[in-house]
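Take a look at the structure below.
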Amino acid sequence: MRIFPRRSRAADRAPEARGEADVCEGGTVAPAGAVNGHQVLETVATLPISTWRYVWEPEHVRHLGPMAQDWHAAFGLNRDDTRIPVVDGLGVALVCVQALHRHVTELEAEVSRLRDVVAMTPAEAGR
């Protein structure tokens, strides 16, 4: 089996046909705004996750993840609620990793501060 890379339809059009709105420094996307990683993480934490299969697959096949309808309701990404684009799934996963990293870093600093307090002698603590 050969796997061919999939190019976006926008990449197949001439630059002048794409229009100004979808052209930026790096290619065919336009930045739309910042994302609150902690808010995305909270949304992911409440997103229903289940196993499922496509109706044409054998009964024993299972996939794991949210339903596209729940995903669309939670994030409003994509044009419809019938699929989860891989790029959106990766983006949500990466912003969650960043938010978790920030949270762990904050907790490590707090633990370090508390260890310093516990290590103080009673005389030092009273000052």
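The values are calculated or read from the model by the stated rules, or taken from the named source; none is laboratory data. For clarity, every value in this text was computed on a predicted model and none was experimentally measured. Here Cβ is always computed from backbone atoms with ideal geometry, including for glycine, and neighbour counts include all displayed protein chains.
At-a-glance table
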{"item": "Residue within region 55-69 that is among the hydrophobic types (A, V, I, L, M, F, W, C), part of a loop (DSSP other than H, G, I, E, B), out of contact with any Lys or Arg (no Cβ under 8 Å at 6 or more places or on another chain) and more than 17 Å from V44 (Cβ to Cβ) present", "result": "yes"}
{"item": "Qualifying positions in region 61-98 - of a type in the set (F, W, Y) and out of contact with any strand residue (DSSP E or B) (no Cβ under 9 Å at 6 or more places or on another chain)", "result": "F75"}
{"item": "Test for D80: is it within 30 Å of A32 (Cα to Cα), loosely packed, with under 10 Cβ neighbours inside 10 Å and of a type in the set (D, E)", "result": "yes"}
{"item": "Meets criteria (of a type in the set (V, I, T), modelled with pLDDT under 95 and in a helix (DSSP H, G or I)) for V117", "result": "yes"}
{"item": "Residue match in region 87-108 (condition: hydroxyl-bearing (S, T, Y) and modelled with pLDDT under 95)", "result": "no"}
{"item": "Check on A74, in a helix (DSSP H, G or I), in contact with a Gly (Cβ under 7 Å, 6 or more places away or on another chain) and of a type in the set (A, V, I, L, M, F, W, C)", "result": "no"}
